[in-house]
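Visitor: One structure, as structure tokens, below. Some questions next.
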Ligand code: NAP
């Protein structure tokens with residue numbers, strides 16, 4: 001019987017792994033379908049405390065992983081497919097085989113939604129991103145655009161005006177979904193230009209493979225045009241990675257796990273940490289904090305079983 005199984009190797013999962021390993025539980029950490037989480041697809045991280053000159057996202061993740069390994073965490077490129085709570089333990093289905101664990105820390109994160117355009121995968125990190133907080137400061141005095149019409153899009157567009165020379169906010173309808181206060185703030189900002197009823201149809205790279213422009217289509221008139229931008233910020237929402245837990249763990253209407261007290265879910269021994277349960281802050285450092293809390297909650301829970 002495992003003592004601690006952790007799902008996810010982003011900031012939350014790896015911090016949980018460091019704490020659980022230092023508590024001598026030798027946690028089993030499942031890498032999942034996006035090893036390293038969202039940080040592994042960013043470049044320079046300038047807002048993680050302790051790195052005055054910034055640190056590469058993938059490097060930060062590798063550092064956390066080796067820190068966890070040093071204290072005895074075990075990593076496996078495997079997926080959790082299902083789980084069944086028992087009175088004092090959990091049955092976990094991992095890569096088609098069932099095993100048992102006393103606790104489960106779910107840190108499977110949330111994945112940014114993308115538009116699904118043809119060369120999207122190649123362009124991520126080359127002028128295409130889903131995180132203004134992470135990448136906005138790299139685009140100073142150049143035009144950029146934000147795709148979406150919700151609170152994230154309005155907030156990111158406003159944030160990006162600190163750096164960019166011009167921010168185009170491109171929305172597929174003719175009114176914003178964003179709350180009035182955020183929408184009003186974006187609409188009143190002289191650096192933000194709204195482009196209504198429009199969706200991107202193609203990312204256009206320069207010779208170096210960096211974003212040069214985006215092809216747009218007006219959904220009402222069908223008219224196409226090219227807009228010169230150095231970066232496209234996609235802000236059309238996130239999807240929490242909670243499919244294996246549907247119908248078993250309490251979630252909100254968007255599928256984010258609900259925490260009862262601390263990181264406890266509604267099932268004893270199952271804890272949730274990071275973006276899988278947080279649609280508000282979504283920062284590397286808040287996810288790391290929750291990973292720590294989940295490991296401490298699991299440690300306290302495991303004390304019930306020590307002889
Ligand atoms: P959201 O509210 O779901 O908005 C997504 C936006 O993207 C919508 O405007 C939607 O268009 C558009 N969209 C979706 N799929 C698209 C596609 N394939 N192509 C083009 N556009 C597409 O997501 P969110 O803005 O990330 O917000 C998520 C939650 O977090 C919300 O509850 C929000 O209030 C909250 N939030 C709060 C704050 C804050 O309070 N500071 C900040 C950010 C987010 P339609 O409008 O046409 O559907």
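Derivation of every value follows stated rules applied to the coordinates shown; laboratory data play no part. Just so it is clear, the model here is predicted, and its values are computed rather than measured. Every residue, glycine as well, gets a Cβ built from its backbone with ideal geometry; the counts of neighbours run over all protein chains shown.
Visitor: Could you work out the mean projected area of the convex hull around the alpha carbons of the stretch 1-83, in square nanometres to one decimal?
Guide: Its Cα hull, projected and averaged over all orientations, spans 5.7 nm².
Visitor: State, to one decimal in nm, how far the label point of residue 141 lies from the label point of residue 212, with both points 7 Å from Cα in the Cβ direction.
Guide: Each label point is offset 7 Å from its Cα along the Cβ direction, giving 2.3 nm.
Visitor: Rounded if a/c is under 1.5, else prolate if a/b beats b/c, else oblate: with a ≥ b ≥ c from the C-alpha gyration tensor eigenvalues square-rooted, which is the stretch 114-234?
Guide: Because a/c hits 1.5 or more and a/b fails to exceed b/c, the stretch 114-234 counts as oblate.
Visitor: Can you list, bin by bin at 5 Å, the percent of alpha carbon pairs in the stretch 214-307, starting at 0?
Guide: 3, 11, 16, 17, 13, 8, 8, 7, 6, 5, 3, 2, 1, 0, 0
Visitor: To the nearest 0.05, how large is the calculated FRET efficiency for residue 172 and residue 33 if R₀ is 25 Å and r is the Cβ-Cβ distance?
Guide: Details: r = 28 Å, r/R0 = 1.12.
E(calc), rounded to 0.05, equals 0.35.
Visitor: Further question on the same structure: Once R0 is set to 45 Å, what does the formula 1/(1 + (r/R0)^6) return for the Cβ-Cβ distance between residue 66 and residue 254, expressed as a FRET efficiency to the nearest 0.05?
Guide: The value I calculate is 0.85.
Visitor: While we're on this one: Between the stretch 217-233 and the stretch 103-138, what is the separation of their alpha carbon centroids in Å?
Guide: 21 Å
Visitor: Another question, if that's okay. If we restrict to alpha carbons, what Rg and Dmax does the chain come to, in Å?
Guide: Cα radius of gyration and Dmax of the chain are 21.0, 72 Å respectively.
Visitor: Starting from the Cα-Cα distance between residue 219 and residue 81, subtract it from 0.36 nm times their residue separation and give me the gain in nm to one decimal.
Guide: 45.7 nm
Visitor: Please pull out the direction-averaged projected area of the stretch 165-285, using the convex hull of its alpha-carbon atoms, in nm² to one decimal place.
Guide: Over all viewing directions, the stretch 165-285 projects a mean Cα-hull area of 11.3 nm².
Visitor: At 222 nm, what helix-only mean residue ellipticity would the chain give, in deg cm²/dmol to the nearest 500, using -39500 (n - 2.57) for each DSSP H run of four or more?
Guide: Details: 7 runs with 72 residues, N = 307.
Helices in the chain give a 222 nm mean residue ellipticity of -7000 deg cm²/dmol.
Visitor: Same structure, new question: List 226, 155 from most exposed to least, where exposure is judged by having the fewest other Cβ atoms within 10 Å.
Guide: 226, 155
Visitor: If you don't mind, there's one more thing I want to ask. Simple spin-label model, 7 Å along Cα-to-Cβ: residue 196 to residue 280 in nm?
Guide: For residue 196 paired with residue 280, the spin-label model returns 3.3 nm.
Visitor: Can I ask one more? Taking the Cα atoms only, what angle lies between the long axis of helix 284-302 and the longest principal axis of the chain, rounded to 10 degrees?
Guide: Around 20 degrees separate the two axes.
Visitor: Using 0.36 nm per residue, how much length does the chain from residue 187 to residue 266 gain when fully extended, once their Cα-Cα distance is taken away?
Guide: That pair, residue 187 and residue 266, stretches by 24.3 nm at full extension.
Visitor: Pairs of Cα atoms under 8 Å, at least six residues apart: use those to get the relative contact order of the chain, whole percent.
Guide: Here the relative contact order equals 21 percent.
Visitor: Among 152, 40, which comes first, then next, by fewest other beta-carbon atoms within 10 Å?
Guide: 40, 152
Visitor: So if I take the centroid of the Cα atoms in the stretch 261-286 and the same for the stretch 189-216, what is the distance between those two points in Å?
Guide: Cα centres, the stretch 261-286 to the stretch 189-216: 35 Å.
Visitor: Please identify which residues in the stretch 247-288 have an amide N closer than 14 Å to a label point set 7 Å out from the Cα of residue 305, following the Cα→Cβ vector.
Guide: Counting backbone N atoms under 14 Å from the label point, the list is 268-271.
Visitor: Could you calculate the contour length gain from residue 133 to residue 95, that is, 0.36 nm times the residue separation minus the distance between their Cα atoms, to one decimal place in nm?
Guide: 10.2 nm
Visitor: Relative to the longest principal axis of the chain, what angle (0 to 90°, nearest 10) does the C-alpha long axis of helix 11-22 take?
Guide: That works out to roughly 20 degrees.
Visitor: If one takes the longest principal axis of the Cα atoms in the chain, at what angle in degrees, from 0 to 90 and to the nearest 10, does the Cα axis of helix 57-70 lie?
Guide: Value to nearest ten degrees: 10.
Visitor: Can you work out the FRET efficiency for the pair residue 180 and residue 111, with r the C-beta to C-beta distance and R0 = 22 Å, to the nearest 0.05?
Guide: The formula returns an efficiency of 0.15 here.
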